[in-house]
Amino acid sequence: MRFSKISDLLFQKKNRNHTMLAVACTVILTTPTTQAAEQQFNDALRAANSGDVALLEQYQLAMQNDVLGYYPEYWKLNTNLAFQPSSNIVSFAQRYPQSAMAEKLAADYVEEKVKQSDFASAQPVLAYVSNPDQAESCAVAQVRAKSGDALVFAEYKDIWLKTDSQPEACIGLGRMMLSSPLMVAQDRQQRLWGQLRAGQSGQAIATAQTIGLNLSLAQLNQIQADPQNYLWSAPKNTQEDYAYLIFALGRLADSDLNTALASVPRAAQNTPTEIQKYLYRTVAYIGGTTVMKNSFNREVLNAFDASYGTAFSPEEAEIYARQAIRFSAWESLIRAINVMSVNQKQEDRWQYWLARASEQRGDVNAKRTAQEIYQKLAQGDDYHNLLAKDKMGQRYNSIPNNAQPNPRDLQRLSQDIHFNRAFTLRSINAPDSYINREWNWAVRQAYVKHDDGLLLAAAKRASDMGWYDRAIYAADRTVNQHNYSYRYIMPHKDSVVNHSRTTSLDPAWAYGLMRQESRFVTSARSHVGAGGLMQIMPDTAKLVARQMGETYTPAALSDMNTNIRYGTFYLSMINNQLNANPVLATAGYNAGPNRARRWQSEFQDLAADQYTESIPLLETRDYVKHVMTNATHYAVLLGQGAQSIGQRMGVIPMRMTP
């Protein structure tokens, strides 16, 4: 089952309060007959799950005039999707244009046909795939290439050079690119070296053959068994020798980074300059991607510096940049940003760090450049925008007036087929995957049209229903008119404020964390078992209950007041353990206090933005940014005055060793 791109999977199993359902049902003007047909959705879904095509055909006829009427036919086509003629998929997409399930059916069909190498059947369906995920995008690219659009490969260089886990469609695209004449020798060499570094013997052998190198699987296996011993006496005469050398150093770095770092100078001796640079790149990349195992190491950054001058992949450039940020190596950071792709460089994140690095230079022009970047970034109100405001000496207190949908917008909402499907699915207690898909699709359709009025109407109605996560989802996507009372909604205000103050927490921080954790879905459950508004793990709840002198009961996590009470108490506990620093405590809430502490510097205090950007876990890195941004907004909404995200984040103190 393919979920929508921003499906908020943590927020499943929503509360089905009968009052909410009654409100939801008022959204759509229906007759009793139509309402009865809507109730057939779940029965039709059961028929689909059992593969009963004949019964689905009956439901298709019975529900043909229903707002959910396309589902039985969708399920019928999906029961044997791989064997459908493309005309059936095109017909469905044309009869239900720009709909959530038509797009999903088309995308899934293309994927299935690519698996069968039936590119001709997939080609007519491409026009109906408008919002592909990564796997679907790679499948579409394969079909485009087979249809004669060879230039498509230029769009997927990141796939070509990627060596970690990828969807099968992307692996297939890489193989297809391997036979393309558009991939020049330098492209193939870069791919080969990356595969050797990653220990991907089979793929490396196939890539090597396209540039006339004959690598031996037996030799690669022998090197893998004892890479350090091989490095001591490795021959350095041919291109094959250099390939084996990269492979050996990569295998050594993977098992023993410090030994690999110490071995690079000897391994690089008497090799061509580009090989020397890539040997340093090998240990730098592995060191930069194994911080969780090996911790931060200045020698890794030195190795990146030594590798400068040979081509960087987008991923390598980002890892280089984060290492430079960690060690305040501003010239290295500028070099890392300079080798990024054009699109990467323009991201707010890297523009901010380019300014941070540029202002460290002594010359007036560099400082002027930094100020120009900050001034441009300061126009927004996301994480890096708020940091830029601080650098400009501005304080954030400019939340816009809350725009409201007008009566016409509300009327259009009631008439919008996409939103009608979402509200109807919610009203009949359908599975969340369908509800969220239709809602997210409806929001996307409004967003691409810059229809702020419709988005605000959707956010208002969802908010009035207590459907807070979807209200936020809609309000977050307005372009010109905004309503922060929906975007940064504040349910359960008395409980949040009172329990925060009881534990000496800033309620804006508690709200910021809660918004990120659950989007205020009381019954939210994560895949690891965390529950409730503040996503508390059962073992954590037991610990908190003991600390508070209470008896733990599993049902407590689903109780709004108890969940907030336990969550704020636990956040306060972590905060006290971690230098009373909200960045450390936020990272600790997500990844565990021990990890947050281990990421502190052993040698000096560290600016909070540097600590945050160098967190080795992507999930935690983004989590901290979002929570700190949320908290800054909530502080203004709670009347705490003009805000500085930098002051809120503070400075990360040096870790004290026992």
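The values are calculated or read from the model by the stated rules, or taken from the named source; none is laboratory data. Source: prediction; values computed, not measured. Here the Cβ positions follow ideal geometry from the backbone for every residue, glycine too, while neighbour counts run over all protein chains shown. With ligands, DNA and RNA removed, areas are computed over all heavy atoms of the protein, side chains included. Shrake-Rupley method; radii C 1.70, N 1.55, O 1.52, S 1.80 Å.
Remarks
- Of residues in segment 563-588 being more than 22 Å from residue 632 (Cβ to Cβ) and free of Cβ contacts under 8 Å to residues at least 24 places away in the same chain, the one surrounded by the most Cβ atoms within 10 Å (Cβ to Cβ): 577
- Matching residues, segment 601-658, being within 20 Å of residue 327 (Cβ to Cβ), among the hydroxyl-bearing types (Ser, Thr, Tyr) and in contact with a strand residue (DSSP E or B) (Cβ under 6 Å, 6 or more places away or on another chain): 611
- Enumerated helices (runs of 4 or more DSSP H) restricted to segment 80-194, each holding at least 3 residues that are out of contact with any Asp or Glu (no Cβ under 8 Å at 6 or more places or on another chain): 86-95, 100-115, 119-122, 134-146, 168-178
- Enumeration of residues in segment 237-273 that are small (Gly, Ala, Ser) and open to solvent by 20 Å² or more (accessible area, probe 1.4 Å): 255, 262, 263
- Qualifying position, being surrounded by 21 or more Cβ atoms within 10 Å (Cβ to Cβ), more than 30 Å from residue 316 (Cα to Cα) and not hydrophobic (A, V, I, L, M, F, W, C), among 117, 86, 99, 91: 99
- Residue selected from segment 510-556 under the condition polar (S, T, N, Q) and farther than 16 Å from residue 568 by Cβ, by the criterion modelled with the highest pLDDT: 551
- Which listed residue, of 104, 115, 162, 76, is modelled with pLDDT under 95, on the phi < 0 side of the Ramachandran plot and of a type in the set (D, E, K, R): 162
Every residue, every condition in (1) modelled with pLDDT under 95; (2) not small (Gly, Ala, Ser), yes or no:
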{"residue": "399", "(1), (2)": "yes, yes"}
{"residue": "406", "(1), (2)": "no, yes"}
{"residue": "418", "(1), (2)": "no, yes"}
{"residue": "436", "(1), (2)": "no, yes"}
{"residue": "458", "(1), (2)": "no, no"}
{"residue": "461", "(1), (2)": "no, yes"}
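- Scanning segment 111-143 for residues that are free of Cβ contacts under 8 Å to residues at least 60 places away in the same chain, out of contact with any Phe, Trp or Tyr (no Cβ under 9 Å at 6 or more places or on another chain) and within 14 Å of residue 173 (Cβ to Cβ) gives 111, 114, 115, 117, 119, 132, 134, 135, 139, 140.
- Filter result for the condition that a residue is of a type outside the set (Phe, Trp, Tyr), at pLDDT 95 or above, farther than 19 Å from residue 649 by Cα and surrounded by fewer than 17 Cβ atoms within 10 Å (Cβ to Cβ), over 371, 323, 351: 371
- Members of segment 326-343 that are at pLDDT 95 or above and either buried (at least 19 other Cβ atoms within 10 Å of the Cβ) or touching a helix residue (DSSP H, G or I) at 6+ places or on another chain (Cβ under 6 Å) (or both): 326, 327, 329, 330, 332, 333, 334, 335, 336, 337, 339, 340
- The residues on offer are 366, 370, 388, and the sole one that is free of Cβ contacts under 8 Å to residues at least 24 places away in the same chain and within 29 Å of the chain's Cα centre (by Cα) is 370.
- In segment 438-458, residue most open to solvent (accessible area, probe 1.4 Å) [restricted to those that are more than 22 Å from residue 428 (Cβ to Cβ) and free of Cβ contacts under 8 Å to residues at least 40 places away in the same chain]: 449
- Some residue of segment 489-501 being under 19 Å from residue 628 (Cα atoms), open to solvent by 10 Å² or more (accessible area, probe 1.4 Å) and small (Gly, Ala, Ser): no
- Test set (1) open to solvent by 10 Å² or more (accessible area, probe 1.4 Å); (2) touching a residue at least 24 places away in the same chain (Cβ under 8 Å) - residue 613 fails condition number: (1)
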